[in-house]
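Working notes, beginning with the structure itself.
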Amino acid sequence: MKFAVRGGHNFSVPGARGIIDETTENRKVKDSVIKYLRALGHEVLDVTSKDTHNTVSSDLAYGIDKANKANVDMFISIHFNKAYTTYDGEIGTEVLVHDTSKANTEANSVLKKIVSLGFKNRGVKQRSELSELKRTNMKAMIIEVCFAEATKDVELYKKVGYDEIGKKIAEGLAGKNVSSIQNAPSSPIKPKNNWIVDLQKELNINYGAKLVVDGIAGPKTLAECIILKKGSTEKIVKILQKRLISLGFSCGLLGSDGSFGAGTKNAVINFQKSKGLNKDGIVGKDTWRKLLNL
């Protein structure tokens, strides 16, 4: 079979945020689904949008249109759910399909596989108004792995690991189990982040850094990050602003204009507050470390 697999949202139009971040985590699960489907002999197209698709409509259109043009047999979108600000307990896993969908068998199989890991079963649900289900020309489903704010869901998600969840999804889709994959990585691989690629390129070009542009944050990238504060106008400011906006911190009416003004300073202060940092509005090493998730 030929599959199109998409990680929902992107870092410019992010998804749910709770104890974990949906956009970050669904990329991990998505990559594992693709890996295991290919290992099972299937053709897989990654239709996840880049951060340059900075509106909800363009983000959705990218994946849907790419899948339709490729004439795939099945479209899979990986998401994480959220219903409350906080939730102490478990809520569970669900799979969404169109009310006229022919993917019910596969959806139930995927759900059964994920639930076998210990997640609460919320069922296969009909959501015909969702673009990913009504605008795709093939079998389609949206997999809501668990709830990002539910303590027990996240605890189980971290315990099981995204790779095992991706494997179970692939097994449910393919209708067969993965016995083993030769040379499969024994430890998690950090997903590539486009904003980190932009940051690494900028540090190399204008600040003499000699970083490997791999989109993976690490100590070397952190060490090259420069101090930014109100009045800074370097191109790196725009990268900072886009990152803050993607995390839900508004930089004011001008958005990511490349100028570190009052709006950006307020965004930095609010970000620092959320991370328990010194609230000085200056982007130094400690603030960069949190921005890079180190």
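The values are calculated or read from the model by the stated rules, or taken from the named source; none is laboratory data. Small disclaimer: the values here were computed from a predicted structure and weren't measured. Using ideal geometry, Cβ is built from the backbone for each residue, glycine included, and neighbour counts are taken over all protein chains shown.
Only one residue in Gly92, Gly118, Gly63, Gly123 is at positive phi, out of contact with any Pro (no Cβ under 9 Å at 6 or more places or on another chain) and buried (at least 18 other Cβ atoms within 10 Å of the Cβ), so which one is that? Give the derivation first.
Numbers: Gly118 fails: buried (at least 18 other Cβ atoms within 10 Å of the Cβ); Gly63 fails: at positive phi; Gly123 fails: buried (at least 18 other Cβ atoms within 10 Å of the Cβ).
Step by step, each of Gly92, Gly118, Gly63, Gly123 is checked, and only Gly92 is at positive phi, out of contact with any Pro (no Cβ under 9 Å at 6 or more places or on another chain) and buried (at least 18 other Cβ atoms within 10 Å of the Cβ).
What's the number of the condition Thr48 fails, among (1) buried (at least 21 other Cβ atoms within 10 Å of the Cβ); (2) in contact (Cβ under 8 Å) with a residue 60 or more places away in the chain?
Failed condition: (2).
Can you name the strands (runs of 3 or more DSSP E) wholly within the stretch 1-116 that have at least 3 residues being within 15 Å of the chain's Cα centre (by Cα)?
2-7, 74-81
So which pairs qualify, if the first residue must be in the stretch 216-233 and at positive phi, the second must be assigned to a loop (DSSP other than H, G, I, E, B), the Cβ gap must be under 9 Å, and the two must be at least 6 apart or on different chains?
From the stretch 216-233, the pairs are Gly231/Ser259; Gly231/Phe260; Gly231/Gly261.
So that you can scan it fast, the table gives a plain yes or no per residue for (1) over 17 Å from Asp88 (Cα atoms); (2) not aliphatic (A, V, I, L, M):
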residue	(1), (2)
Val115	yes, no
Phe119	no, yes
Gly123	yes, yes
Glu129	yes, yes
Arg135	yes, yes
Ile143	yes, no
Phe147	no, yes
Asp153	no, yes
Gly166	yes, yes
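How many residues are surrounded by fewer than 16 Cβ atoms within 10 Å (Cβ to Cβ) and in a helix (DSSP H, G or I) when one looks only at the stretch 152-162?
Going through the stretch 152-162 one residue at a time, the tally reaches 3.
Could you tell me whether Thr233 is surrounded by fewer than 20 Cβ atoms within 10 Å (Cβ to Cβ) and either among the polar types (S, T, N, Q) or under 29 Å from Tyr162 (Cβ atoms) (or both)?
Against the criterion (surrounded by fewer than 20 Cβ atoms within 10 Å (Cβ to Cβ) and either among the polar types (S, T, N, Q) or under 29 Å from Tyr162 (Cβ atoms) (or both)), Thr233 qualifies.
Please work out which one of (1) at pLDDT 95 or above; (2) under 18 Å from the mean Cα position of the chain (by Cα) is the condition Ile189 fails and give its number.
The one condition Ile189 does not meet is (1).
Quick one: in the stretch 163-179, of everything that is of a type in the set (A, V, I, L, M) and not in a loop (DSSP other than H, G, I, E, B), which residue is nearest to Ile34 (Cα to Cα)? Talk me through it step by step, then tell me what you get.
To start, the set of residues in the stretch 163-179 that are of a type in the set (A, V, I, L, M) comprises 165, 169-170, 173-174, 178.
Narrowing the set further to residues that are not in a loop (DSSP other than H, G, I, E, B) leaves 165, 169-170, 173-174.
On the way: Ile165: 12, Ile169: 10, Ala170: 8, Leu173: 11, Ala174: 12 Å.
Applying the filter and picking the extreme gives Ala170.
How many residues does the stretch 110-149 hold that are basic (Lys, Arg) and over 23 Å from Gly175 (Cα atoms)? So that I can check it myself, show each step before the final result.
Of the stretch 110-149, the ones basic (Lys, Arg) are 112-113, 120, 122, 125, 127, 134-135, 139.
Now narrow it down to the ones that are over 23 Å from Gly175 (Cα atoms): 127, 134-135.
Going through the stretch 110-149 one residue at a time, the tally reaches 3.
Just one of Ile282, Ile227 is surrounded by fewer than 16 Cβ atoms within 10 Å (Cβ to Cβ), farther than 24 Å from Thr52 by Cβ and among the β-branched types (Val, Ile, Thr); which is it? Reasoning before the result, please.
Details: Ile282 fails: surrounded by fewer than 16 Cβ atoms within 10 Å (Cβ to Cβ).
Testing whether each residue is surrounded by fewer than 16 Cβ atoms within 10 Å (Cβ to Cβ), farther than 24 Å from Thr52 by Cβ and among the β-branched types (Val, Ile, Thr) leaves just Ile227.
Of the residues Val154, Val145, Val178, which single one is farther than 19 Å from Tyr84 by Cβ and of a type in the set (A, V, I, L, M)? So that I can check it myself, show each step before the final result.
Working: Val154 fails: farther than 19 Å from Tyr84 by Cβ; Val145 fails: farther than 19 Å from Tyr84 by Cβ.
Checking each option against the conditions leaves just Val178.
Can you give me the number of residues within the stretch 195-226 that are touching a helix residue (DSSP H, G or I) at 6+ places or on another chain (Cβ under 8 Å) and either of a type outside the set (S, T, N, Q) or not in a helix (DSSP H, G or I) (or both)?
20
Provide a single number: the residues in the stretch 117-140 that are of a type outside the set (Gly, Ala, Ser), under 30 Å from Thr151 (Cβ atoms) and in a strand (DSSP E or B).
5
Could you check how many residues of the stretch 229-270 are more than 25 Å from the chain's Cα centre (by Cα) and of a type in the set (Ser, Thr, Tyr)?
Residues flagged as more than 25 Å from the chain's Cα centre (by Cα) and of a type in the set (Ser, Thr, Tyr) within the stretch 229-270 amount to 3.
Being in contact with a His (Cβ under 8 Å, 6 or more places away or on another chain), of a type outside the set (Lys, Arg) and either crowded, with 24+ Cβ neighbours inside 10 Å or not assigned by TED's automatic domain parsing to the domain that holds Gly15 (or both): is that true of Ala140 here?
Answer is yes for this residue.
Of the residues that make up the stretch 241-260, is at least one touching a residue at least 12 places away in the same chain (Cβ under 8 Å), small (Gly, Ala, Ser), closer than 21 Å to Asn54 by Cβ and not in a loop (DSSP other than H, G, I, E, B)?
yes
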